[in-house]
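So the structure is just underneath, and the comments pick up after that.
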Amino acid sequence: MQGACDAPLTRAGAALHNVSMRSYRKELWFNTDSRVALVNITPQVQEALRASGVQEGLVLVNAMHITASVFINDDESGLHQDYRDWLEQLAPHEPVSKYRHNVGEDNADAHMKRQIMGREVVVAVTDGKLDFGPWEQIFYGEFDGGRRKRALVKIIGE
Amino acid sequence: MQGACDAPLTRAGAALHNVSMRSYRKELWFNTDSRVALVNITPQVQEALRASGVQEGLVLVNAMHITASVFINDDESGLHQDYRDWLEQLAPHEPVSKYRHNVGEDNADAHMKRQIMGREVVVAVTDGKLDFGPWEQIFYGEFDGGRRKRALVKIIGE
Amino acid sequence: MQGACDAPLTRAGAALHNVSMRSYRKELWFNTDSRVALVNITPQVQEALRASGVQEGLVLVNAMHITASVFINDDESGLHQDYRDWLEQLAPHEPVSKYRHNVGEDNADAHMKRQIMGREVVVAVTDGKLDFGPWEQIFYGEFDGGRRKRALVKIIGE
């Protein structure tokens with residue numbers, strides 16, 4: 001009987017070890033001086049991943065505000081200036097009067113810029129690391145700054 | 001012996017409780033009167049989350065058709081009119097003749113509007129709730145309506 | 001006693017069977033002849049899903065390079081030509097001199113085209129299959145080709 005009881009003990013232990021799903025949540029806060037800003041948050045996401053202990057899984061990073069983005073691209077200052085000019089051309093801030101979203105707001109353009117750049121990224125976790133190509137970096141894109149806003153890091157895996 | 005057998009029972013129970021991965025799937029159906037429509041589907045996604053029983057995980061919501069979007073933004077009617085005008089400017093429906101996707105179709109512009117607004121959103125689930133910032137709402141964006149189309153809600157977690 | 005011991009055995013077995021989280025990773029490699037190319041990668045993603053053995057979960061497919069996209073849309077050649085024309089209009093390659101991202105690069109436009117089309121898709125897995133609507137196909141969108149580049153397939157589930 002002892003042996004018969006030991007078997008499930010071992011197998012239950014294996015189940016606990018192999019399949020525990022972990023989840024981890026962290027908010028990143030921002031308060032940019034300028035209306036538009038692109039902030040590299042890769043180090044903060046890497047730190048959250050380390051803290052989570054997740055080895056295999058997915059990381060979701062999303063803006064929690066609807067006039068901001070989280071996106072992945074290159075950390076090169078010339079390109080960032082190009083992005084700012086291009087977004088301003090596709091969705092100009094001025095004249096504010098042409099927009100109908102003026103219910104105590106002057107940020108309709110920021111809602112549009114955010115749709116082009118995207119709300120969120122999902123990144124693979126492999127061997128406890130962000131599974132990135134050679135130049136991938138995660139950015140918080142602020143399009144209506146000058147106040148406290150947040151991004152969410154949520155990690156799911158084992 | 002009874003005690004020796006109780007131990008694995010308890011541990012197996014803990015394993016079952018802690019690590020069971022749940023998945024849940026639901027289709028949302030639409031048939032909008034107009035060619036373009038933005039429909040707030042947050043309540044339906046919240047209901048799906050409740051039905052799933054998932055406490056920690058991820059919700060994927062995606063259009064199942066390629067001329068429609070699922071996106072997260074503000075539920076404000078002036079902004080929605082701004083979005084419609086802006087998308088029409090970036091990817092005009094008329095003249096249809098300028099597009100090559102006219103193989104029994106007149107909806108090339110809808111395929112483009114959908115790329116700007118995005119196919120899908122991934123939302124964190126924390127404590128059994130959509131882990132949202134203050135103004136985040138989920139929308140189904142229809143750009144070629146007047147027929148039955150679907151969005152998918154898929155929830156993964158525990 | 002035998003019965004009391006059999007119970008946990010069965011329950012532990014159920015735990016092992018039901019909850020093992022699987023993860024699977026595969027890189028897809030490309031080297032397109034032309035600067036811009038749209039490549040249907042649905043068969044490769046389906047093959048990765050089969051190899052993973054995952055029945056319920058999520059598939060992430062993302063470009064690992066920041067001048068390329070992974071997106072879901074229609075496999076229709078007229079539409080693809082429309083996409084190419086439209087992206088060239090929204091983010092023209094020429095004149096290269098108008099961009100500031102010219103630090104040994106002439107591909108600022110490719111970084112912009114990729115933001116419109118998106119870096120990644122997340123697809124539901126149901127009953128071991130990509131949970132797709134009638135016309136959904138996955139594409140690798142190359143906007144700065146002529147060299148070896150990669151997309152990542154990461155599958156999480158059970």
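Can you give me the ranges of the strands (runs of 3 or more DSSP E) entirely in region A:89-158 with at least 2 residues that are closer than 25 Å to C:Ala124 by Cβ?
Numbers: elements: A:120-126, A:137-142, A:149-157.
Fully inside region A:89-158 and qualifying: A:120-126, A:149-157.
Hey, does region C:135-143 have a residue that's at the interface with another protein chain (Cβ under 7 Å from one of its Cβ atoms) and more than 18 Å from A:Asp75 (Cα to Cα)?
Yes: region C:135-143 contains one or more residues that are at the interface with another protein chain (Cβ under 7 Å from one of its Cβ atoms) and more than 18 Å from A:Asp75 (Cα to Cα).
Please indicate, with yes or no, whether at least one residue in region B:120-131 is modelled with pLDDT of 95 or more and more than 21 Å from C:Leu58 (Cα to Cα).
No, the conditions are met nowhere in region B:120-131.
Would you check which residues across region B:21-65 are more than 14 Å from chain C (Cβ to nearest Cβ) and among the small types (Gly, Ala, Ser) and list them?
Across region B:21-65, the qualifying residues are B:Ser34, B:Ala37, B:Ala51, B:Gly53.
State the number of residues belonging to region A:78-130 that are open to solvent by 10 Å² or more (accessible area, probe 1.4 Å), free of Cβ contacts under 8 Å to residues at least 24 places away in the same chain, closer than 17 Å to B:His80 by Cα and not aliphatic (A, V, I, L, M).
Final tally of qualifying residues: 10.
Using the structure shown, decide if B:Ser97 is closer than 27 Å to C:Lys113 by Cα and of a type in the set (Ser, Thr, Tyr). Before you say what the answer is, go through the steps one by one.
Details: closer than 27 Å to C:Lys113 by Cα: yes; of a type in the set (Ser, Thr, Tyr): yes.
Taking the combined requirement at face value, the residue satisfies it.
For region B:66-77, enumerate the residues that are surrounded by fewer than 23 Cβ atoms within 10 Å (Cβ to Cβ) and within 7 Å of another protein chain (Cβ to nearest Cβ).
B:Asp74, B:Glu76 - these are the residues of region B:66-77 that are surrounded by fewer than 23 Cβ atoms within 10 Å (Cβ to Cβ) and within 7 Å of another protein chain (Cβ to nearest Cβ).
For region B:131-140, name all the residues that are more than 10 Å from the chain's Cα centre (by Cα) and buried (at least 17 other Cβ atoms within 10 Å of the Cβ).
If the condition is that a residue be more than 10 Å from the chain's Cα centre (by Cα) and buried (at least 17 other Cβ atoms within 10 Å of the Cβ), then B:Asp131, B:Phe132, B:Gly133, B:Glu136, B:Gln137 are the ones that fit.
The values are calculated or read from the model by the stated rules, or taken from the named source; none is laboratory data. Please read all numbers here as calculations on a predicted model, not as lab measurements. Glycine gets a Cβ as well: all are built from the backbone with ideal geometry, and neighbour counts include every protein chain shown. These accessible areas exclude ligands, DNA and RNA; they are computed on the full protein's heavy atoms, side chains included. Shrake-Rupley method; radii C 1.70, N 1.55, O 1.52, S 1.80 Å.
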